[in-house]
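Below is one structure, written out as structure tokens; the observations come after it.
The values are calculated or read from the model by the stated rules, or taken from the named source; none is laboratory data. For clarity, every value in this text was computed on a predicted model and none was experimentally measured. Positions of Cβ are generated from backbone atoms using ideal geometry, with glycine treated the same way; all protein chains shown enter the neighbour counts. Just the protein is used for accessible areas: all its heavy atoms, side chains included, with ligands, DNA and RNA removed. Shrake-Rupley method; radii C 1.70, N 1.55, O 1.52, S 1.80 Å.
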Amino acid sequence: MTDYTRLTAAEIADALAAGDTTSVEVTQAHLDRIAEIDGDIHAFLQVDADGALATARSVDAARAAGEKLAPLAGVPIAVKDVLATRGLETTAGSKMLQGWIPPYDATVVAKLRAAGMPILGKTNMDEFAMGSSTEHSAYGPTHNPWDLDRTPGGSGGGSSAAVAAFEAPLAIGTDTGGSIRQPAAVTGTVGTKPTYGGVSRYGLIALASSLDQAGPCTRSVLDAALLHEVIGGHDVMDSTSIDAPVPAVVEAARHGDVSGMRIGVIKEISGDGFQPGVKQLFEESVQLLVDRGAEVVEVSCPSFEKGLAAYYLILPSEASSNLARFDAMRYGLRVAPEGVDSPSAEQVMAATREAGFGDEVKRRVILGTYALSAGYYDAYYGQAQKVRTLIARDFAAAYEKVDVLVTPTAPTTAFKLGEKLDDPMAMYLNDVATIPANLAGVPGISIPNGLAAEDGLPSGFQILAPATKDERLYRAAAVLEAALHDKWGAPILAQAPALTAKVVG
């Protein structure tokens with residue numbers, strides 16, 4: 001009997017189209033998997049079994065009636081809990097929104113529903129997407145399926161862990177500074193951050209509006225392209241949405257080719273500070289692309305070294321503005337201050353924010369408010385925006401010489417839960433290679449490229465392309481993925497250690 005939880009989304013879609021199975025059978029298999037193992041993983045905050053099965057039954061009925069269906073119709077999916085889902089609790093990983101049930105769908109969610117994709121539930125995340133480990137969720141951390149004592153990355157560790165643990169064939173994540181790509185790297189999955197504006201942000205609870213971008217979390221490059229095609233496209237509800245067709249990402253993933261492609265290795269993001277095993281795997285992956293016809297060029301992007309500092313001024317500044325809406329007056333949590341008979345609005349707001357926000361959110365809001373305050377705006381936020389411009393110029397100059405840029409996705413493999421909670425700067429450094437893409441709005445993808453020699457844990461290979469040229473990501477990623485599978489004899493998740501065999505074996 002086929003175990004549909006082990007198939008890729010493309011394989012499930014083919015089986016559904018051929019009549020070999022039904023969406024109800026596939027969806028129930030994943031719900032059973034969640035019930036079996038999510039107590040160990042904690043990838044999900046809410047599971048919507050009734051809603052998922054209802055969608056699956058409607059898709060099966062439509063297929064039986066001979067209706068034309070979308071390519072991924074009937075394939076189940078998980079959604080990061082930062083996207084509004086009508087009728088299903090949406091918390092953004094925070095007590096501030098505990099119990100909030102949106103009256104509308106985010107555009108991404110509406111597109112999933114229109115494509116006939118059963119939504120299994122909402123995945124765990126760092127509170128308001130602030131973090132690199134999913135340890136800052138108000139509802140407890142998610143565990144990495146490769147080693148339950150380690151983090152699955154963040155802020156979208158729930159989505160990546162759900163895919164890696166075969167609880168969902170697909171998931172939606174969001175990427176503000178690497179929160180799709182970094183979790184993909186440390187869980188052995190594929191994660192894409194589309195071009196900024198390529199996927200609608202309407203209904204995405206904002207962290208930093210100029211940086212946030214929703215995208216696919218999958219187990220294969222083709223699956224990522226198929227999901228990208230579903231959720232991409234112009235949306236009049238989002239003023240930053242690009243009014244252009246979705247790039248030909250599926251065709252690129254199906255027909256990957258790097259012959260004559262110029263691949264740029266970024267001098268500033270490939271050496272010091274990277275775990276030796278991660279660096280070795282990166283160099284081996286570059287060679288695999290060379291062996292298949294690519295040309296490698298070293299490029300210098302000197303402003304990238306300032307990217308981390310600029311990001312951690314821009315993001316907190318935008319976050320402090322976006323989170324001002326959580327004032328205990330309109331929706332969400334409301335806490336009355338103790339010992340006050342007739343509290344003022346300011347007292348209620350202070351008590352609510354004290355109770356509703358976690359330490360990391362408070363830290364970033366305070367930093368952002370300071371950076372935007374009178375007398376400091378030009379010295380901090382203004383300077384950070386100038387660095388952002390320099391980073392965009394570095395990208396533009398690099399893309400005059402090369403077609404894509406490549407780096408390790410993250411400097412290390414997954415670290416242990418609790419290891420960096422007391423050292424925020426060490427946590428922030430996990431995003432050093434992913435942040436520049438968000439600052440410049442360019443697309444990026446991370447694919448698993450092996451297990452680091454030091455610890456046997458997954459590492460990721462990042463490919464970056466010019467804005468709106470997302471198809472280049474898939475062209476190169478498909479070739480490297482095929483080369484790596486030939487080398488390994490199977491996808492990387494087949495190499496999960498015996499320690500976690502009950503979870504991913």
Discussion item. Place a point 7 Å from Cα of Arg6 in the direction of its Cβ. Which residues in region 124-165 have their backbone N less than 19 Å from it?
Written reply: 145-146, 162-165
Worksheet item: With each run of n ≥ 4 DSSP H residues scored as -39500 (n - 2.57), what mean residue ellipticity at 222 nm is computed for the chain after dividing by its residue count and rounding to the nearest 500 deg cm²/dmol?
Response: -12000 deg cm²/dmol
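Express the carbon and sulfur contribution to the solvent-accessible surface of region 55-180 as a percent, rounded to the nearest whole number, probe 1.4 angstrom. Could you put the intermediate results ahead of the total?
Details: 1550 of 3000 Å².
In region 55-180, the share of accessible area belonging to carbon and sulfur is 52 percent.
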Item to complete: At 1.4 Å probe size, with every protein chain present, just tell me what the per residue accessible area of the chain comes to in Å².
Response: 36 Å²
Practice prompt. Report, ordered by chain and residue number, the lysines lying within cross-link reach of Lys386, taken as a straight Cα distance under 18 Å and ignoring same-chain residues fewer than 8 apart.
Written response: Lys306
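Of the DSSP beta bridges with both residues in the chain, give the percent that are antiparallel, rounding to the nearest 5.
Values: 27 of 41 bridges.
Of all bridge pairs located within the chain, approximately 65 percent are antiparallel.
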Discussion item. Probe radius 1.4 Å, ligands and nucleic acids ignored: give me the carbon and sulfur share of the accessible area of region 414-463 as a rounded percent.
Written reply: 56 percent
Worksheet item: With r defined as the distance between the Cβ atoms of Trp100 and His255 and R0 fixed at 45 Å, what FRET efficiency is calculated, to the nearest 0.05?
Response: 0.55
Item to complete: Show the residues, 5+ positions off or on another chain, whose built amide H is closer than 5 Å to the amide H of Ile263.
Response: Glu295, Val296, Val297, Asp403
Worksheet item: Under 17 Å from the 7 Å Cα→Cβ point of Glu305, by amide nitrogen: which residues of region 395-428?
Response: 395
Response to the item:
Whole-Hz Karplus couplings 3J(HN,Hα) for region 431-436, θ = phi - 60° and coefficients 6.51, -1.76, 1.60, Gly and Pro as x, run 9, 4, 8, 9, 4, x
Item to complete: Give Lys401/Lys487; Lys95/Lys362; Lys68/Lys193 a once-over and call out the pairs whose C-alpha atoms are over 20 Å from each other.
Response: Lys401/Lys487; Lys68/Lys193
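Select from region 344-416 those trypsin sites (Lys or Arg not before Pro) which occupy a DSSP coil region and have at most 12 other Cβ atoms within 10 Å, ordered by residue number. Intermediate values should be presented prior to the final figure.
On the way: sites: Arg353, Lys362, Arg363, Arg364, Lys386, Arg388, Arg393, Lys401, Lys416; in loops: Lys401.
Here the trypsin sites (Lys or Arg not before Pro) that fit, given the DSSP loop and packing criteria, are Lys401.
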Worksheet item: On the accessible surface of region 303-358, probed at 1.4 Å, how many percent belong to carbon and sulfur atoms?
Response: 51 percent
Worksheet entry | Simple spin-label estimate for His485 and Asp32 in nanometres, 7 Å along Cα-Cβ | 2.6 nm
Worksheet item: For labels at Asp149 and Ala379 in the simple 7 Å Cα→Cβ model, what's the distance in nm?
Response: 4.5 nm
Worksheet item: Which label marks the calculated value of mean projected area of the Cα convex hull in nm², given the options (1) 30.6; (2) 23.2; (3) 42.8?
Response: (2)
Worksheet item: How big is the antiparallel share of DSSP beta bridges in region 1-133, given as a percent to the nearest 5?
Response: 50 percent
